[in-house]
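For reference, the structure discussed in these notes is given below.
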Amino acid sequence: MEFGSKYVYLGNKQEDKEEVYTSEKNDVVLSDSDSCSDDDGETCLLDILDTAGQEEYSSVRDQYVRTGDGFFIIYSITDTNSFSEAEAIYNWLNRVKGERPVAILVANKHDLLSEAVVTTDQGIALATKLGVKFFQTSAKTGQGVHDAMTGLVGEIPRNSTDYKIVMLGSGAVGKSCVTLRFVNDTFVDDYDPTIEDSYRKMIKIKGLIPMTKEEKKAAKKGKKLRKKSFNPFPRLRGGGDGVPSTSNSIPTQQLSPSRQLRSQGLFGSIKAKLGFGSGQSQQQQAQAGDYSHVFESGNKKKITTTKTDGNVVLIPLRDLANDPNLVTGDPITCKGCQVVLTSTATLVTVGETSSWTCEFCGYKTTDLNISADEIPKGDSIDFMLAPATKTISQDEAAEAETPDKKSTPGTIVYCMDISSSMTALCHIPQSQAAWREERNAGDEGLSSVTRLQCIQRAVSRLIEQLKLEEPEKKVLLTVFGSDIEVKAGGTTETRPYFSSVDNKSMTELLDMGLNMANSYPLVPIEQSYESMDAAVQALTTKGCTALGPALSLCVGYVSKTPSSEVVLCTDGEPNVGVGSLSSSSGGGFYREIGTFARDKNVTINVLAMEGGSTGLQTVSEAAELSGGSTVKLNPAEIVRQLRLLAQNEIVANSVTVTFFLHPNFVFDEPDFGDNLSRLEKEVGAVRKETDLSFRFKLKNPSTSDSVQNVPFQVQIVYTRASDGMKCMRVLSKSTEATSDRQRMEDNINVAVMGVAVMKTTANMAKAGQAKQAQQHLKNVKRLVKRGAKSSEQLEERLAFQTEAAAWDDELTNRQECYLMGLRSMGDSGTHMAQQALSTNLSRHQAVQSKQKIIHNRKMKSAAKKAYYSYQDN
């Protein structure tokens, strides 16, 4: 249990008001906190994207590259192919960004000089050709890593304290290892190369070159324009525009001519592209993300509003994967409110018995045969409610923690749309197409593929990884058009086929799925892989979209297997049978199937392809209710999304969370009832990236003088996915209260505030309160700006800004699309809201708080080898 601030805030009328500017037209809040006004000229906040090991398309990488400030191009001195690709990467950056990129060339694995096949002279020659600095590093020993990063930052014209850095290079060159060595001074061997993550780091560098005001303005607009669009500018081949500086026993030169060219000429070209002085319309400026015209034209007004506070609690449910802190005996509960006796309570002992006046409701329990020393200690304790159903030996437990012995419970069902619309062509993203051309020395390769081909490639790659990483995992492949057909995964040669499903009810279809589980048992993926891969490659399209019937049948199939998940991939609106959006009952079906899946500890994940309407605002309810995810994506990104789902495994089932507040406080969330001090929430299956957050407030501000310490308790009833043990985890903490706003703000937990505001505003938008959501998000941004002072807070503030940027733009620019809530959001709005809802603590935390997560990101060596050997043309 984590809090938005070290102190519970009780309010202070004199300090709680602030003046902000809003648009006269639609009340959009214009006062923001994204730009940092305090610049000492040395502090640098780095937002570093560690790209995954291969070059398959990633929208996150695409965005970072377009808006990136500096690029760390890495090759391995033990791999000539990676050296060749380093030059291709630089040329690709030229095309994608439309300008000469600020980059350095880095020769990694300097600890393996005896195995080197690329010489230092070759590295210097290529750096000279490209006009960039050259560095040599060893992620294993740490040699040169800090110098390389500071050298890159020193090349970037200083626009603000924030720098967006992108780590690039071919597979197995050590991008992740170099990144982790820099941000956390650690070396992780066998790191999973498929994980793409961002890390934030604050450093100080002397002698940085500041921009002029005009350059800052042009650069800011240039970033926003590049973020919105892509223009494949003519290739700018690197030329000998000066000898680059080098590091690590290589003579250091002065600033390269290319750096001077960037400082002098880059911003003029940006101004020309943006049309400075050319009468750009307000609409064009808004499309570029620039709202300065609102201020310039005077269409603003100043209003007084109430500041927000840090009264937020976050429960990271990933902790349910940890071994329980079991205490003996049964919990002692208050008969007045059902709170469990923990270390936040005070016992009064008279003779041989004690009494407890509940710190939550005031009910007095007497004649307790327990002393204060016997009260369970710690913020987190567990009571076993039922023993484990599966016995795990110490040897098995140790093996399960190694990358070669990974095993997760449950069955995966891939439920794939093969309706006729899946033959539609989708173009390869332009940045990806440009990369393929550079990598293949001018051969463009494929420029478009069908949606079905994207699914085939994604599923084929994922089942290969599953075979190598989790050979005992059971997988079912099901496809649907107008009919539903099982393609592979089971023991029998005769595969189930279901026609005439348009007149079946959800209950009938669930029963059909359950019966199929008995007649078509699955075998481990190690045994079914070849037949499944052949079935994937042979898929053809036909019919309409019986999505609802297929989903019902698949959920029924795994309804007796906890921790299972259904991965539903579609490109069109459901139009056959239950769940058809042409029927008035379609929306109710997705709520019903989502609730059923949650009760059975089955997770539904929805992947919807861009290019047409999929009714995502309706279908997504099944995913949200069952604890799954909803993504609207370019078909080229399905490979990565399926991998992300596989990495986010289920850690607990049948999860119910009960949250107790002191009666002086109530919950402050848009979808909760009024004046609630106790809340019970059914969660169902929980993944390792599941977080719950709650805002709370004083029920009656006039009672603030009587509050000094505020107790909190959360009871989580859950079943461990690993062994089936049923437990009740009790989280308890007492927090000091204050009416001093400055004290509260200086001690905010930026990561917790970031997660909570994303989730809260997503729920507000779904309820038709987009205006209030936008105002609340800006309010929290201003709070974070005022409160973030330490290096960790500043790093988490940068993470929050990055995570919230797209959602902030969505709420600011498309408020009219949310007037009727979820029904009016459309596919795009639903996708954005679901991404905000699914944000988690690890994405907002500073790297110091993510050490355990990082060290657990391991991959089996055979799976890593197969991953690196794959090349998509």
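Among the listed pairs K13/K789; K504/K542; K206/K852, which have their C-alpha atoms separated by more than 30 angstrom in this model? In this structure, K206/K852 exceed 30 Å between Cα atoms. Of all aspartates and glutamates in the structure, the ones whose alpha carbon falls short of 13 Å from that of K140, not counting any fewer than 8 places away in one chain, are D111, D185, D189, D190.
When you restrict to C-alpha pairs under 8 Å that are six or more residues apart and normalise by the size of segment 414-477, the relative contact order lands at 38 percent.
Calculated on the Cα set of the chain, radius of gyration then Dmax: 28.2, 90 Å. How big is D, in µm² s⁻¹, for segment 1-146 by Stokes-Einstein at 20 °C and 1.002 mPa s if Rh is the Kirkwood radius over C-alpha pairs? Rounded, D is 110 µm²/s. If R0 is taken as 45 Å, the Cβ-Cβ distance between A862 and S499 corresponds to a FRET efficiency of 0.65. At an R0 of 45 angstrom, the distance between the Cβ atoms of D147 and D319 translates into a FRET efficiency of 0.75.
In the chain, what % of DSSP beta bridges are antiparallel (nearest 5)? Please list the in-between numbers first.
Numbers: 80 of 128 bridges.
Within the chain, antiparallel bridges account for around 60 percent of the total.
Helical runs assigned H by DSSP (4 residues or longer) give the chain a calculated mean residue ellipticity at 222 nm of -11000 deg cm²/dmol, each run adding -39500 (n - 2.57) before division by the residue total.
Averaging sequence separations of C-alpha pairs under 8 Å and six or more residues apart, then dividing by the length of the chain, give the relative contact order as a whole percent.
16 percent
Cβ under 9 Å from Y529's Cβ, Y529 left aside: what net charge do those residues give with Lys, Arg +1 and Asp, Glu -1?
Working: positive: K467; negative: E464, E526, E530, D533.
Net charge around Y529: -3.
Prolate is the label for segment 579-701, because the ratio a/c of its alpha-carbon gyration tensor axes (a ≥ b ≥ c) is 1.5 or higher and a/b is greater than b/c.
Kindly state, to the nearest 0.05, the FRET efficiency for K364 paired with Q742, given R0 = 51 Å and r defined as their beta-carbon distance. The value I calculate is 0.85.
What pairs from K688/K850; K688/K726; K390/K560; K467/K600; K201/K858 go past 20 Å between their alpha carbons? Pairs exceeding 20 Å: K467/K600; K201/K858. Scoring 128-139, 204-215 by mean Cβ neighbours within 10 Å over their residues and listing the highest first yields 128-139, 204-215. Across the options M764, S722, A597, the greatest Cα extent toward the positive end of the charge dipole of the chain (unit charges at beta carbon of Lys, Arg, Asp, Glu) belongs to M764.
Ordering A345, I315, Q848 by Cα displacement along the dipole of the chain toward the positive end leaves Q848 in first place; charges were set at the Cβ atoms of Lys, Arg (+1) and Asp, Glu (-1). In a fully extended conformation the segment linking I853 and A767 would gain 27.5 nm over its present Cα-Cα distance, using 0.36 nm per residue.
For S702 and S447, calculate 0.36 nm times their separation in residues minus their Cα-Cα distance, and state this gained length in nm to one decimal. Kindly include the intermediate steps, with their values, before the conclusion.
Values: separation 255, 0.36 × 255 = 91.80 nm, distance 6.62 nm.
Extra length from S702 to S447 when fully extended: 85.2 nm.
Around K487, what is the net charge, scoring Lys/Arg as +1 and Asp/Glu as -1 over all other residues with Cβ under 14 Å from its Cβ? All intermediate terms of the calculation are to be shown ahead of the outcome.
On the way: positive: R495, K542; negative: D417, D483, E485, E493, E530, D533.
With Lys, Arg at +1 and Asp, Glu at -1, the neighbours total -4.
Proximity of backbone amide H atoms, modeled 1.01 Å from N, is registered between D79 and V117, V118 at under 5 Å, excluding neighbours fewer than 5 places apart on the same chain.
Among V183, A103, G577, pick out the residue whose Cα is farthest towards the positive end of the charge dipole of the chain, where Lys and Arg carry +1 and Asp and Glu carry -1 on C-beta, about the Cα centre. Of the options given, the answer is A103. By the rule of a C-alpha distance below 21 Å, with chain neighbours fewer than 8 residues away ignored, the lysines paired with K301 are K17, K25, K771, K778, K781. Overall, the chain carries a charge dipole of about 2220 debye about its Cα centre when +1 sits on the Cβ of Lys and Arg and -1 on the Cβ of Asp and Glu, all other atoms neutral. Shown in residue order for segment 514-531 are the 3J(HN,Hα) couplings computed by the Karplus curve 6.51 cos²θ - 1.76 cosθ + 1.60 at θ = phi - 60°: 5, 5, 5, 4, 7, 8, 9, x, 8, 10, x, 4, 4, 8, 9, 4, 4, 5 Hz (x for Gly and Pro).
Near E669: Cβ cut-off under 15 Å, other residues only, Lys/Arg at +1 and Asp/Glu at -1. The net charge is +1. Couplings 3J(HN,Hα) of segment 836-849, computed from phi: 5, 5, 8, 4, 9, 4, 5, 6, 9, 7, 5, 5, 4, 8 Hz, in residue order, whole Hz [Karplus 6.51 cos²θ - 1.76 cosθ + 1.60, θ = phi - 60°; x for Gly and Pro]. For segment 653-802, a Kirkwood radius taken over Cα pairs fed into Stokes-Einstein (37 °C, viscosity 0.692 mPa s) yields D = 190 µm²/s.
Here's the picture: a label point sits 7 Å out from the Cα of Q338 along the beta-carbon direction, and within segment 658-699 the residues with their amide nitrogen under 15 Å of it are 658-661, 677-683.
Throughout, read-outs are computed from the coordinates displayed, never taken from laboratory work. Computed from a predicted structure; not experimentally measured. Cβ sites come from the backbone with ideal geometry, for glycine too, and all protein chains shown count toward neighbours.
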